Amino acid sequence: MPISAPDTLLDVRALDAGYGKIGVLHGVDFAIAPGEVVALLGPNGAGKTTLLSAVSGLIRPSAGSVGFGGRDLTGRSPRECARAGLVHVIEGHRVFTQISVQDNLELAGYDLPGAARGQRIDEALTFFPEIAAKRHERGGALSGGQQQMLAVAQGLVRQPKLLMLDEPSAGLSPVLVDRVLNVIGQLRTRGIAVLLVEQLIEKALAAADRVVALAQGRIVLQADTSEDNLPHRLEEAYFGRGVAAPLV
(Lines give C-alpha, C1' and ligand atoms only; values in the text may rest on other atoms or scores of the structure.)
Protein backbone atom coordinates (compact mmCIF):
# COMPACT_ATOMS: atom_id res chain seq x y z
CA MET A 1 0.00 0.00 0.00
CA PRO A 2 1.21 3.56 -0.63
CA ILE A 3 2.68 5.30 2.38
CA SER A 4 1.16 8.68 3.11
CA ALA A 5 3.53 11.63 3.09
CA PRO A 6 3.55 12.33 6.88
CA ASP A 7 4.57 8.70 7.52
CA THR A 8 7.32 8.57 4.90
CA LEU A 9 11.02 8.51 5.76
CA LEU A 10 12.48 7.48 2.38
CA ASP A 11 10.59 8.47 -0.76
CA VAL A 12 12.05 7.26 -4.07
CA ARG A 13 10.24 8.46 -7.17
CA ALA A 14 10.70 7.63 -10.87
CA LEU A 15 14.37 6.80 -10.26
CA ASP A 16 16.61 5.97 -13.22
CA ALA A 17 20.27 5.10 -12.66
CA GLY A 18 23.11 3.11 -14.15
CA TYR A 19 26.76 3.25 -15.14
CA GLY A 20 27.73 5.49 -18.01
CA LYS A 21 25.43 4.72 -20.94
CA ILE A 22 24.25 1.49 -19.36
CA GLY A 23 20.85 1.96 -17.73
CA VAL A 24 20.09 -0.36 -14.82
CA LEU A 25 17.12 1.18 -12.97
CA HIS A 26 14.01 2.34 -14.79
CA GLY A 27 11.32 4.43 -13.09
CA VAL A 28 11.69 2.94 -9.62
CA ASP A 29 9.10 4.11 -7.06
CA PHE A 30 8.90 2.99 -3.44
CA ALA A 31 8.82 4.39 0.08
CA ILE A 32 9.83 3.37 3.59
CA ALA A 33 8.21 4.55 6.82
CA PRO A 34 10.14 5.35 10.02
CA GLY A 35 11.01 2.17 11.89
CA GLU A 36 9.91 -0.09 9.01
CA VAL A 37 11.97 -3.06 7.80
CA VAL A 38 11.78 -3.61 4.03
CA ALA A 39 13.36 -6.56 2.20
CA LEU A 40 14.60 -5.66 -1.29
CA LEU A 41 14.64 -8.89 -3.31
CA GLY A 42 15.29 -9.85 -6.90
CA PRO A 43 17.30 -12.11 -9.20
CA ASN A 44 21.00 -11.57 -9.82
CA GLY A 45 21.46 -8.47 -11.95
CA ALA A 46 18.05 -7.03 -11.05
CA GLY A 47 19.59 -3.75 -9.86
CA LYS A 48 19.40 -4.12 -6.08
CA THR A 49 22.92 -2.90 -5.33
CA THR A 50 22.57 -0.15 -7.92
CA LEU A 51 19.40 1.04 -6.19
CA LEU A 52 21.10 1.22 -2.80
CA SER A 53 24.04 3.04 -4.37
CA ALA A 54 21.78 5.59 -6.08
CA VAL A 55 19.87 6.23 -2.86
CA SER A 56 23.02 6.65 -0.73
CA GLY A 57 24.90 8.88 -3.18
CA LEU A 58 27.50 6.39 -4.37
CA ILE A 59 26.21 6.88 -7.91
CA ARG A 60 24.20 9.78 -9.30
CA PRO A 61 20.69 9.09 -10.62
CA SER A 62 20.04 10.09 -14.22
CA ALA A 63 16.39 10.90 -13.46
CA GLY A 64 13.92 10.89 -10.59
CA SER A 65 14.31 11.90 -6.96
CA VAL A 66 15.35 10.63 -3.52
CA GLY A 67 13.53 12.27 -0.63
CA PHE A 68 14.57 11.54 2.93
CA GLY A 69 12.97 12.94 6.06
CA GLY A 70 11.38 15.72 4.04
CA ARG A 71 14.68 16.69 2.36
CA ASP A 72 15.74 16.23 -1.23
CA LEU A 73 18.91 14.11 -1.21
CA THR A 74 18.95 13.40 -4.94
CA GLY A 75 22.55 13.31 -6.13
CA ARG A 76 23.98 14.29 -2.74
CA SER A 77 27.29 12.80 -1.62
CA PRO A 78 27.48 9.71 0.62
CA ARG A 79 28.80 11.97 3.39
CA GLU A 80 25.77 14.26 3.16
CA CYS A 81 23.42 11.28 3.10
CA ALA A 82 25.07 9.73 6.17
CA ARG A 83 24.89 13.01 8.04
CA ALA A 84 21.17 13.15 7.28
CA GLY A 85 20.78 9.68 8.85
CA LEU A 86 20.76 7.53 5.69
CA VAL A 87 23.55 4.99 6.14
CA HIS A 88 24.61 2.34 3.61
CA VAL A 89 26.57 -0.76 4.72
CA ILE A 90 27.93 -2.09 1.45
CA GLU A 91 28.48 -5.75 0.64
CA GLY A 92 31.70 -7.53 1.48
CA HIS A 93 32.88 -6.91 5.05
CA ARG A 94 34.51 -3.57 4.16
CA VAL A 95 36.65 -2.98 7.25
CA PHE A 96 40.24 -1.81 7.71
CA THR A 97 42.12 -4.99 8.55
CA GLN A 98 45.38 -3.41 9.75
CA ILE A 99 43.87 -1.27 12.51
CA SER A 100 41.90 -2.19 15.60
CA VAL A 101 38.18 -2.69 15.92
CA GLN A 102 38.10 0.45 18.07
CA ASP A 103 39.91 2.48 15.42
CA ASN A 104 37.55 1.19 12.71
CA LEU A 105 34.65 2.51 14.74
CA GLU A 106 36.45 5.78 15.50
CA LEU A 107 36.84 6.33 11.76
CA ALA A 108 33.12 5.72 11.23
CA GLY A 109 32.42 8.63 13.57
CA TYR A 110 35.39 10.77 12.56
CA ASP A 111 33.36 14.00 12.32
CA LEU A 112 31.64 13.64 15.70
CA PRO A 113 32.82 15.31 18.93
CA GLY A 114 35.01 12.98 20.98
CA ALA A 115 32.58 12.36 23.83
CA ALA A 116 29.64 11.76 21.49
CA ARG A 117 31.76 9.48 19.30
CA GLY A 118 32.79 7.36 22.28
CA GLN A 119 29.21 7.05 23.46
CA ARG A 120 27.98 6.00 20.02
CA ILE A 121 30.75 3.40 19.71
CA ASP A 122 29.79 1.90 23.07
CA GLU A 123 26.12 1.82 22.01
CA ALA A 124 26.94 0.17 18.68
CA LEU A 125 29.00 -2.51 20.39
CA THR A 126 26.10 -3.47 22.67
CA PHE A 127 24.56 -5.16 19.61
CA PHE A 128 27.67 -7.31 19.08
CA PRO A 129 29.32 -8.53 22.30
CA GLU A 130 31.53 -10.82 20.20
CA ILE A 131 33.44 -7.89 18.75
CA ALA A 132 33.12 -5.71 21.86
CA ALA A 133 35.39 -8.23 23.56
CA LYS A 134 37.92 -7.78 20.73
CA ARG A 135 37.78 -4.01 20.38
CA HIS A 136 41.57 -3.68 20.71
CA GLU A 137 42.39 -6.43 18.19
CA ARG A 138 43.10 -5.80 14.50
CA GLY A 139 40.16 -5.97 12.14
CA GLY A 140 42.04 -8.63 10.16
CA ALA A 141 42.10 -10.91 13.20
CA LEU A 142 38.31 -11.16 13.19
CA SER A 143 36.45 -13.98 11.48
CA GLY A 144 34.37 -13.22 8.39
CA GLY A 145 31.23 -13.13 10.48
CA GLN A 146 32.81 -10.82 13.03
CA GLN A 147 34.01 -8.51 10.27
CA GLN A 148 30.42 -8.32 9.01
CA MET A 149 29.30 -7.44 12.53
CA LEU A 150 31.96 -4.74 12.63
CA ALA A 151 30.76 -3.35 9.29
CA VAL A 152 27.21 -3.10 10.64
CA ALA A 153 28.49 -1.55 13.88
CA GLN A 154 30.29 1.09 11.82
CA GLY A 155 26.95 2.02 10.31
CA LEU A 156 25.30 2.14 13.73
CA VAL A 157 27.90 4.62 14.99
CA ARG A 158 26.21 7.12 12.65
CA GLN A 159 22.92 6.61 14.58
CA PRO A 160 20.99 6.13 11.33
CA LYS A 161 17.32 6.79 10.77
CA LEU A 162 17.57 4.31 7.89
CA LEU A 163 20.22 1.57 7.69
CA MET A 164 20.65 -0.05 4.27
CA LEU A 165 22.30 -3.49 4.43
CA ASP A 166 23.56 -5.11 1.22
CA GLU A 167 23.63 -8.91 1.62
CA PRO A 168 24.90 -9.01 5.22
CA SER A 169 24.73 -12.85 5.23
CA ALA A 170 27.14 -13.32 2.30
CA GLY A 171 29.77 -15.90 3.18
CA LEU A 172 28.54 -16.46 6.74
CA SER A 173 27.60 -19.65 8.54
CA PRO A 174 23.89 -20.15 9.39
CA VAL A 175 24.55 -19.33 13.06
CA LEU A 176 26.28 -16.07 12.21
CA VAL A 177 23.58 -15.19 9.67
CA ASP A 178 20.99 -15.43 12.42
CA ARG A 179 23.20 -13.41 14.75
CA VAL A 180 23.56 -10.56 12.25
CA LEU A 181 19.92 -10.58 11.15
CA ASN A 182 18.74 -10.65 14.77
CA VAL A 183 20.07 -7.12 15.07
CA ILE A 184 17.40 -5.97 12.60
CA GLY A 185 14.68 -6.80 15.10
CA GLN A 186 16.51 -4.83 17.77
CA LEU A 187 16.82 -1.85 15.45
CA ARG A 188 13.09 -1.94 14.70
CA THR A 189 12.29 -1.69 18.42
CA ARG A 190 14.42 1.47 18.55
CA GLY A 191 12.57 3.05 15.64
CA ILE A 192 15.37 2.59 13.10
CA ALA A 193 14.22 1.70 9.58
CA VAL A 194 16.11 -0.96 7.61
CA LEU A 195 16.32 -1.64 3.88
CA LEU A 196 17.69 -5.17 3.55
CA VAL A 197 19.10 -6.78 0.41
CA GLU A 198 19.39 -10.46 1.22
CA GLN A 199 19.93 -13.65 -0.81
CA LEU A 200 18.29 -15.87 1.83
CA ILE A 201 14.67 -15.18 0.98
CA GLU A 202 13.01 -16.97 3.90
CA LYS A 203 15.18 -15.22 6.45
CA ALA A 204 14.67 -11.85 4.74
CA LEU A 205 10.89 -12.26 4.75
CA ALA A 206 10.96 -13.32 8.40
CA ALA A 207 12.89 -10.19 9.34
CA ALA A 208 10.89 -7.70 7.24
CA ASP A 209 7.52 -5.95 7.41
CA ARG A 210 7.28 -5.52 3.65
CA VAL A 211 8.97 -6.75 0.52
CA VAL A 212 9.90 -4.75 -2.57
CA ALA A 213 10.88 -6.94 -5.53
CA LEU A 214 13.02 -5.83 -8.47
CA ALA A 215 13.43 -7.51 -11.84
CA GLN A 216 15.30 -6.04 -14.81
CA GLY A 217 15.63 -2.73 -13.00
CA ARG A 218 11.91 -2.26 -12.33
CA ILE A 219 9.68 -2.79 -9.32
CA VAL A 220 7.55 -5.87 -10.02
CA LEU A 221 5.94 -6.39 -6.60
CA GLN A 222 5.37 -4.60 -3.31
CA ALA A 223 3.59 -6.49 -0.53
CA ASP A 224 3.38 -7.03 3.20
CA THR A 225 5.36 -10.08 4.28
CA SER A 226 2.27 -11.34 6.12
CA GLU A 227 0.39 -11.83 2.84
CA ASP A 228 -0.52 -15.40 1.89
CA ASN A 229 1.50 -17.30 -0.72
CA LEU A 230 4.11 -14.55 -0.98
CA PRO A 231 6.99 -16.77 -2.24
CA HIS A 232 4.78 -17.94 -5.11
CA ARG A 233 3.79 -14.36 -5.90
CA LEU A 234 7.47 -13.41 -6.00
CA GLU A 235 8.23 -16.18 -8.48
CA GLU A 236 5.31 -15.13 -10.65
CA ALA A 237 6.47 -11.50 -10.56
CA TYR A 238 10.00 -12.44 -11.66
CA PHE A 239 9.23 -15.08 -14.26
CA GLY A 240 6.16 -13.25 -15.50
CA ARG A 241 8.56 -10.64 -16.88
CA GLY A 242 10.76 -13.26 -18.49
CA VAL A 243 13.42 -13.24 -15.80
CA ALA A 244 14.85 -16.74 -16.07
CA ALA A 245 17.10 -16.61 -13.01
CA PRO A 246 17.14 -18.11 -9.50
CA LEU A 247 15.44 -16.13 -6.75
CA VAL A 248 18.38 -14.74 -4.77
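The values are calculated or read from the model by the stated rules, or taken from the named source; none is laboratory data. Since we're looking at a predicted model, the values are computed, not measured. Every residue, glycine as well, gets a Cβ built from its backbone with ideal geometry; the counts of neighbours run over all protein chains shown. What goes into the accessible areas is simple: the full protein's heavy atoms, side chains included, and nothing from ligands, DNA or RNA. Shrake-Rupley method; radii C 1.70, N 1.55, O 1.52, S 1.80 Å.
Residue count for the range 215-244, restricted to those that are modelled with pLDDT under 90, closer than 25 Å to GLY64 by Cβ and small (Gly, Ala, Ser): 3.
Within the bounds of the range 128-137, is there any residue that is aromatic (Phe, Trp, Tyr) and either open to solvent by 10 Å² or more (accessible area, probe 1.4 Å) or under 25 Å from PRO43 (Cα atoms) (or both)? No: zero hits.
Quick one: which residue in THR8, THR49, THR97 is polar (S, T, N, Q) and farther than 26 Å from GLY145 by Cβ?
On the way: THR49 fails: farther than 26 Å from GLY145 by Cβ; THR97 fails: farther than 26 Å from GLY145 by Cβ.
Result of the check over THR8, THR49, THR97: THR8.
Do any helices (runs of 4 or more DSSP H) lying entirely in the range 75-146 carry at least 1 residues that are farther than 18 Å from PRO160 by Cβ, and which ones are they? Break it down into steps so the answer makes sense when it comes.
Working: elements: 78-84, 101-108, 114-125, 129-132.
Of the helices (runs of 4 or more DSSP H) lying wholly inside the range 75-146, those with at least 1 residues that are farther than 18 Å from PRO160 by Cβ span 101-108, 114-125, 129-132.
Looking at ARG83, ARG120, just one residue is charged (D, E, K, R), within 16 Å of LEU156 (Cβ to Cβ) and in contact with a helix residue (DSSP H, G or I) (Cβ under 6 Å, 6 or more places away or on another chain), and that residue is ARG120.
Only one residue in ALA193, ALA204 is within 24 Å of VAL28 (Cβ to Cβ), at pLDDT below 95 and open to solvent by less than 20 Å² (accessible area, probe 1.4 Å), so which one is that? Please lay out each step first, then the result.
Working: ALA193 fails: at pLDDT below 95.
Within the list ALA193, ALA204, the selection yields ALA204.
Among the residues of the range 171-179, are any crowded, with 20+ Cβ neighbours inside 10 Å and either modelled with pLDDT of 90 or more or under 13 Å from the mean Cα position of the chain (by Cα) (or both)? Checked against the condition, which is being crowded, with 20+ Cβ neighbours inside 10 Å and either modelled with pLDDT of 90 or more or under 13 Å from the mean Cα position of the chain (by Cα) (or both), the range 171-179 yields no hits at all. Let me confirm something: among GLN159, GLN222, GLN216, which residue is open to solvent by 60 Å² or more (accessible area, probe 1.4 Å) and out of contact with any Gly (no Cβ under 9 Å at 6 or more places or on another chain)? None of the other options fit; the residue is GLN222. Among the criteria (1) modelled with pLDDT under 95; (2) under 23 Å from ALA31 (Cβ atoms), the one VAL157 does not fulfil is (2).
Annotation: of all residues in the range 48-82 being out of contact with any strand residue (DSSP E or B) (no Cβ under 6 Å at 6 or more places or on another chain) and charged (D, E, K, R), the one that is most open to solvent (accessible area, probe 1.4 Å) is ARG60. All conditions in (1) acidic (Asp, Glu); (2) touching a strand residue (DSSP E or B) at 6+ places or on another chain (Cβ under 6 Å); (3) exposed (fewer than 14 other Cβ atoms within 10 Å of the Cβ) hold for GLU91, with the sole exception of (3).
Which one is modelled with the highest pLDDT among residues in the range 1-21 that are part of a strand (DSSP E or B) and open to solvent by 60 Å² or more (accessible area, probe 1.4 Å)? Walk me through it before giving the result.
Taking the range 1-21 and keeping what is part of a strand (DSSP E or B), we get 10-19.
In the following step, the residues that additionally are open to solvent by 60 Å² or more (accessible area, probe 1.4 Å) were identified as 13, 19.
On the way: ARG13: 97, TYR19: 94.
Filtering the range 1-21 for residues that are part of a strand (DSSP E or B) and open to solvent by 60 Å² or more (accessible area, probe 1.4 Å), the one modelled with the highest pLDDT comes out as ARG13.
Only residues that are at positive phi and small (Gly, Ala, Ser) were counted across the range 156-188, and they come to 1. Identify the residue in the range 72-113 that is under 18 Å from the mean Cα position of the chain (by Cα) and polar (S, T, N, Q) and, among all such residues, is nearest to PHE128 (Cα to Cα). Among them, the one singled out is SER77.
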